[in-house]
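No lab work stands behind these numbers, since they all come straight from the coordinates. These numbers come from a predicted model, not from an experiment. For neighbour counting, all protein chains shown are included, and Cβ atoms are generated from backbone atoms with ideal geometry for every residue, glycine included.
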Amino acid sequence: MIPIPKSDSKTSESKKSPEPQIEFFPEEPRYSFNDLILPDSVKDQILDVADYAENSKIVFETWNFQSVFKQSKRVGINLYGAPGTGKTMAAHAIAKHLGRKILAVNYADIESKYVGETPKNIRKAFEAAKSTNSILFFDEADAILSKRVTNMTSATDVSVNQTRSVMLMVMNDYQDFVIFATNFIENFDPAFMRRISSHIEFPLPDLKCRRQLWEHYIPKEMPNDIDAVEIATKYEGISGSDISNAILMAAFKAARRRESIVRKELVFESIEATIASRRSNQGLKLVEEGSEVSS
Ligand SMILES: Nc1ncnc2c1ncn2[C@@H]1O[C@H](COP(=O)(O)OP(=O)(O)O)[C@@H](O)[C@H]1O
Ligand SMILES: [Mg+2]
């Protein structure tokens with residue numbers, strides 16, 4: 001989904017100007033389960049939920065079980081795990097599996113600095129999904145699903161709490177399946193826990209998945225001396241996203257140097273650069289957290 005501000009984006013800089021309206025458009029799912037490399041157990045869990053969602057529409061809506069079963073349709077799903085493990089891809093794959101479009105909403109896109117606008121945007125997203133019969137997907141939903149802030153000190157906290165309350169209310173009335181993806185939730189709000197029936201963890205790829213990922217992302221047309229088993233064994237603790245990026249970076253390097261083949265050393269270099277930059281980011285984060293404690 002690409003939220004399109006109706007008015008000129010420049011006007012949003014000034015608080016006096018009217019708030020640009022966000023509109024939501026569903027899109028064709030960009031991935032299918034064939035594109036996703038995950039342990040079978042994780043794929044099976046996702047398919048179970050997707051099939052339940054599909055059958056739930058038939059049972060509750062078409063056969064009108066909703067007239068007698070009032071509150072049994074908790075078909076929310078939360079895909080959680082480290083960044084770059086395929087959660088966004090999986091949301092698209094689920095929509096594709098269900099033969100429906102996806103309406104993806106990123107929390108950052110709907111968050112508004114205008115008090116009261118974010119909850120309005122949430123309602124709008126639900127309405128748009130309903131009227132277009134698309135699967136609603138809240139990506140990067142960490143802020144929405146984590147525990148409500150109790151000692152509110154800033155306007156942001158008040159606004160996030162407000163957003164959550166609206167989200168819970170709208171979800172109560174919503175009859176369809178909603179997908180959430182989150183990278184990290186320390187304190188999951190119990191109210192959401194009750195409404196979201198399945199939580200599926202996306203692990204970092206194990207050796208078998210890493211091998212499949214390396215094989216998948218090396219195009220047959222690219223001349224190379226990469227051994228998928230060797231590289232999968234050599235580097236662990238990396239994500240699918242790290243793997244696809246490393247290959248692409250190495251390919252560009254080789255192309256720029258007009259090499260006749262993409263040598264594996266180039267891929268090693270790029271994966272090592274990724275690992276090193278993540279280490280230094282984590283180091284920074286630890287320093288920041290430490291300074292917060294001491295202040
Ligand atoms: N499980 C996976 N299978 C195949 N490709 C993956 C997988 N995980 C990540 N990727 C690659 O990394 C990119 C980012 O994945 P994404 O689904 O956005 O991760 P997340 O939403 O978990 O941060 C994908 O476009 C794909 O190239
Ligand atoms: Mg994502």
Could you list Asp227, Asp109, Asp173, Asp242 in order of exposure, starting from the residue whose Cβ has the fewest other Cβ atoms within 10 Å?
Asp173, Asp227, Asp109, Asp242
Give the separation of the Cα centroids, segment 22-77 to segment 217-233, in Å.
35
Inter-label distance, nm, simple model (7 Å from Cα along the C-beta direction), Arg30/Ser244
0.8
Placing +1 on the Cβ of each Lys and Arg and -1 on the Cβ of each Asp and Glu in segment 9-202, which of Phe184, Ser154, Ala93 has its Cα farthest towards the positive end of the resulting dipole?
Ser154
Using amide H atoms built 1.01 Å from N in the peptide plane, name the residues 5+ places from Lys101, or on other chains, whose amide H lies under 5 Å from its own.
Ile135
Whole-Hz Karplus ³J(HN,Hα) for segment 200-210, in order, using 6.51 cos²θ - 1.76 cosθ + 1.60 and θ = phi - 60°, x for Gly and Pro?
10, 8, 9, x, 5, x, 7, 4, 4, 5, 4
Amide proton proximity set for Asn106, modelled H, under 5 Å, gap of 5+
Asp139
I'd like the antiparallel share, as a percent to the nearest 5, of DSSP beta bridges with both residues in segment 9-202.
10
Looking at the square roots a ≥ b ≥ c of the eigenvalues of the Cα gyration tensor of segment 207-284, which shape do they give, rounded for a/c under 1.5, prolate if a/b is larger than b/c, or oblate?
oblate
Give me the base-10 log of I(q)/I(0) for segment 9-202 at each q in 0.14 Å⁻¹, Debye formula, one uniform scatterer per Cα, rounded to two decimals.
-0.82
How much FRET efficiency would the formula 1/(1 + (r/R0)^6) give for Arg279 and Val158, where r is the Cβ-Cβ distance and R0 is 45 Å, rounded to 0.05?
0.80
Can you list the HN-Hα couplings for segment 223-231, worked out from phi with the Karplus curve (6.51, -1.76, 1.60; θ = phi - 60°), rounded to whole Hz and with x for Gly and Pro?
x, 7, 10, 7, 9, 4, 5, 4, 6
Qualifying trypsin sites (Lys or Arg not before Pro) for segment 226-280 [loop in DSSP, other Cβ within 10 Å: at most 13]
Arg257, Arg258
With θ taken as phi - 60° and the coefficients 6.51, -1.76 and 1.60, list the Karplus ³J(HN,Hα) couplings across segment 179-188 in order, rounded to whole Hz; mark glycine and proline as x.
10, 10, 10, 9, 7, 7, 10, 7, 10, 6
